[in-house]
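Asks: The structure is given below, and queries will be raised subsequently.
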Amino acid sequence: MTTAIDLDSLDLAALLCSRVCHDVISPVGAIVNGIEVLEDDNDPSMREFALDLIAKSARQASARLQFARLAFGASGSAGAQIDTGDAEQVAKGFIQDDRTTLNWLVPRAILPKNRVKLLLNLLMVAGATIPRGGTITVEPVGEGEAAGFKLRTEGTSARIPPQLQGLLDGAASEGGSIDAHAVQPHYTGLLARAVGVEIKLALDGEGVAILAAPATADSVA
C-alpha cells in the first residue's frame, strides 16, 4: 500500500543535493585516486594510466554537473526559458556511453524551463528502465510550449521498476517516505504536475514506453 508523500521544501532540497552528490562522487573519487598514483608511482605505464583515468573522470564529473544544473537547478529566474539544443548537449554528455545510446528527436526550440527540466528528468526515469544499458529514444508530443514528450527504451532486461509509477504519481514507497534514490522520480512527478502533464509507463514489446502528455491523456500510445 502507498501513501501520499508529504515533503517540505527543505527536505526536498536536501534529498536532491544528496542525489547530485551521489552522481558525482564516483568520478571525483577516481580523480583523487589518479592523482595519488601520480604522486606515488614513477612507473611510466602507471602514470599514463593515471592521467587517462583523471581525464576520463573529469569529463564524466563535468557532464554530470552540467546535466544536474539544468535538470535540478534554478536555470534563471521565474518564467525563464531554456534552449532544447542546450538540453540535448548536456543529455548526451550525461547519458551516452559504451552501454547506452540516446536518440534525440526533439526539434530545437525555446521552451519554459520547467518543461525542459521535465524532459531531462524523464531521461533519468527512462535510464532506470534499462539497468544494463540500451537505447533511449525521445520525441515530442504536440508542438510549441505546451508540447509533451514520448520516450521509448530498449535493452536487455528492460522493465518498469517497482514503485516507479507510484513515485511519479506522488505516492511514497513502503514506510511513507523517500530517500535520495527515490527523490528523482518524485521530483519528475512534481515537474509534470507543474506543467499540466501526466506521466504513464507501459511495457512495449522488449522495451518500455513513457508518455508525458496533457493530464487528460490516459494511455501510452
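The values are calculated or read from the model by the stated rules, or taken from the named source; none is laboratory data. Please read these numbers as outputs of a predicted model, since none were measured by experiment. Neighbour counts run over all protein chains shown; Cβ positions are idealised from the backbone, glycine included. All accessible areas refer to the heavy atoms of the entire protein, side chains included, with ligands and DNA or RNA removed. Shrake-Rupley method; radii C 1.70, N 1.55, O 1.52, S 1.80 Å.
Asks: Thinking of region 90-161 as a set of Cα atoms, what percent of all their pairs are more than 21 Å apart?
Replies: Working: 612 of 2556 pairs.
Distances greater than 21 Å cover 24 percent of the Cα pairs.
Asks: Cross-link candidates for LYS117: which lysines have Cα within less than 19 Å, leaving aside residues fewer than 8 places away along the same chain?
Replies: LYS92, LYS150, LYS200
Asks: Kirkwood hydrodynamic radius (Cα pairs, Å) of region 104-143?
Replies: Numbers: mean 1/r = 0.0886 Å⁻¹.
11.3 Å is the Kirkwood radius here.
Asks: Which value, in debye to the nearest 20, describes the size of the charge dipole of the chain about its Cα centre when Lys and Arg Cβ atoms bear +1, Asp and Glu Cβ atoms bear -1, and nothing else is charged? Each step should come with its number before you reach the end.
Replies: Values: 18 positive and 27 negative charges, 116 e Å.
Computed about the Cα centre, the dipole is about 560 debye.
Asks: Tell me which DSSP H helices of the chain clear both cut-offs, 30 Å or more of axial length from alpha-carbon atoms and a mean Kyte-Doolittle hydropathy of at least 0.5.
Replies: Working: long enough: 9-40 (45 Å, 0.95); 44-71 (40 Å, 0.00).
Counting only whole DSSP H runs, the qualifying helices are 9-40.
Asks: Which percent of the accessible heavy-atom area of region 95-167 goes to carbon and sulfur, probe 1.4 angstrom?
Replies: Working: 1570 of 3250 Å².
C and S fraction of accessible area: 48 percent.
Asks: Provide the per residue accessible area, probe 1.4 Å, for the chain, rounded to a whole number of square angstrom.
Replies: Numbers: 11540 Å² over 221 residues.
I get 52 Å² per residue for the chain.
Asks: For PHE67, what charge total do you get from the other residues with a beta carbon under 14 Å from its beta carbon, if Lys and Arg give +1 and Asp and Glu give -1? Can you show the working numbers first?
Replies: Details: positive: ARG19, ARG59, ARG64, ARG69, LYS92, LYS117; negative: ASP23, ASP86, GLU88, ASP97.
Net of charged neighbours comes to +2.
Asks: Two decimals is fine: what is log10 I(q)/I(0) at q = 0.14, 0.16, 0.20 Å⁻¹ for region 1-132, from a Debye sum with one equal scatterer on every Cα and no solvent?
Replies: Ignoring solvent entirely, the Cα scatterers give -0.78, -0.94, -1.20.
Asks: Where is the GNM fluctuation largest for the chain (alpha-carbon springs, 10 angstrom cutoff): ASP43, ASP97, ASP52?
Replies: In the Gaussian network model the winner is ASP43.
Asks: Pick from VAL141, VAL37, VAL20 the residue whose mean-square fluctuation is largest in a GNM of the chain, springs joining Cα atoms under 10 Å.
Replies: VAL37
Asks: Working only with C-alpha atoms, what are the Rg and Dmax values of region 84-203, expressed in angstrom?
Replies: Taking only Cα atoms of region 84-203, I get Rg and Dmax of 14.0, 42 Å.
Asks: Connecting C-alpha atoms closer than 10 Å in a GNM of the chain, tell me which of ARG69, ARG152, ARG108 has the biggest fluctuation.
Replies: It is ARG108.
Asks: With contacts defined as alpha carbon pairs under 8 Å and 6 or more residues apart, what's the relative contact order of region 90-221 in percent? Don't jump to the answer; show the numbers that get you there.
Replies: Numbers: 223 pairs, mean separation 30.6, N = 132.
Worked out over region 90-221, it gives 23 percent.
Asks: Under the Kirkwood approximation for Rh and a Cα-based Rg, what ratio Rg/Rh is obtained for the chain? Spell out each step's value before the answer.
Replies: Numbers: Rg = 18.7 Å, Rh = 18.5 Å.
Rounded to two decimals, Rg/Rh equals 1.01.
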